[in-house]
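Shown next, in structure tokens, is the structure this report addresses.
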């Protein structure tokens, strides 16, 4: 299925957020993930089911004042 | 020097450092070290899926350093709450530099949204350090809303213009029951020293250090300026005379004459 990750279309076989993070080789620490504009704590990644067209945002640290 | 206490945590250093605008992460890490800071701000950005770049946190996270994630880029209280939740999840801290500046030209904080966001974030258990206008009334409202500090600006972000708001900063400092951190506009160690002499609890510096010819040496200069300013404040500054007429500090008895 196709989903959106950081505004890019991604073809994925992942059914849960946890498997998407693994599929994209994202680090598990130092990031935060939101699905449909809601932050999903990492303790809930496994239980968070993905479906066609969902919008996922992944952020990490950046330089800033 | 008295320790700075924010939300029950003690800080020996009264210099907070921003991590923007450094030429490299290595240089930034050295400047952090030289500054002696125990509070370092970080922003957030979207992960690039293909790009495996250097991890910023590896250069910033050190024992004894409190990470202070900011909400830069948000335009209102609702976005700020979302960004705060993302920051808490990503960095494992509930400390937050709240900054809401919808106008990219002057980056001036939106007072209404900042107050609203502070109220909500405090309820959600965040330690909120709001970047705000040097507005004494607003600062009281932020304090009443549960802000851990107030962080009024000295001048617009990145301008290095110093304490353009000094008269208002004085009122804010006089009235505050929470630490007052002068944020934005501090462009030289003398500006930081002036803020500290006035009784500010701390200074947040970024551009002035990051874009200096030698950021590491400048970080060390700011460390000394903040310490000197604070020591002078604690020692009690002599009052400024109202007139220009000199007051001798040496005896003027004429020992050369009869």
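Summary of values
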quantity	calculated
Meets criteria (in contact with a helix residue (DSSP H, G or I) (Cβ under 6 Å, 6 or more places away or on another chain), closer than 25 Å to residue B:189 by Cα, surrounded by fewer than 19 Cβ atoms within 10 Å (Cβ to Cβ) and modelled with pLDDT of 95 or more) for residue B:30	yes
Residues being in a loop (DSSP other than H, G, I, E, B) and surrounded by 10 or more Cβ atoms within 10 Å (Cβ to Cβ) - total across the stretch B:225-258	1
One residue from B:72, B:13 being within 19 Å of the chain's Cα centre (by Cα), at the interface with chain A (Cβ under 9 Å from one of its Cβ atoms), within 24 Å of residue B:185 (Cα to Cα) and not in a strand (DSSP E or B)	B:72
Extreme residue, nearest to residue B:35 (Cα to Cα), among residues of the stretch B:81-110 that are in contact with a strand residue (DSSP E or B) (Cβ under 6 Å, 6 or more places away or on another chain) and in a helix (DSSP H, G or I)	B:91
Condition met for residue B:60 (surrounded by fewer than 22 Cβ atoms within 10 Å (Cβ to Cβ), at the interface with chain A (Cβ under 9 Å from one of its Cβ atoms), under 15 Å from residue A:63 (Cβ atoms) and within 20 Å of the chain's Cα centre (by Cα))	yes
Exclusive hit being at pLDDT 95 or above and closer than 19 Å to residue B:184 by Cα, set B:123, B:97	B:97
Residue match in the stretch B:35-56 (condition: assigned to a helix (DSSP H, G or I) and within 12 Å of chain A (Cβ to nearest Cβ))	yes
Number of positions in the stretch B:175-224 that are out of contact with any helix residue (DSSP H, G or I) (no Cβ under 6 Å at 6 or more places or on another chain), assigned to a strand (DSSP E or B) and farther than 18 Å from residue B:19 by Cβ	0
Subset tally (residues that are surrounded by fewer than 24 Cβ atoms within 10 Å (Cβ to Cβ), touching a helix residue (DSSP H, G or I) at 6+ places or on another chain (Cβ under 8 Å) and more than 9 Å from every other protein chain (Cβ to nearest Cβ)) for the stretch B:79-92	1
Residues (closer than 22 Å to residue B:61 by Cβ, touching a residue at least 12 places away in the same chain (Cβ under 8 Å) and touching a helix residue (DSSP H, G or I) at 6+ places or on another chain (Cβ under 7 Å)) located in the stretch A:43-63	A:59, A:60, A:61
Residues of the stretch B:97-118 that turn out to be within 20 Å of residue A:32 (Cα to Cα) and within 13 Å of another protein chain (Cβ to nearest Cβ), as a count	2
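The values are calculated or read from the model by the stated rules, or taken from the named source; none is laboratory data. Here the structure is a predicted model, which is why all the values come from computation and not from measurement. Because the Cβ atoms are built from the backbone with ideal geometry, glycine has one as well, and the counts that use them run over all protein chains shown.
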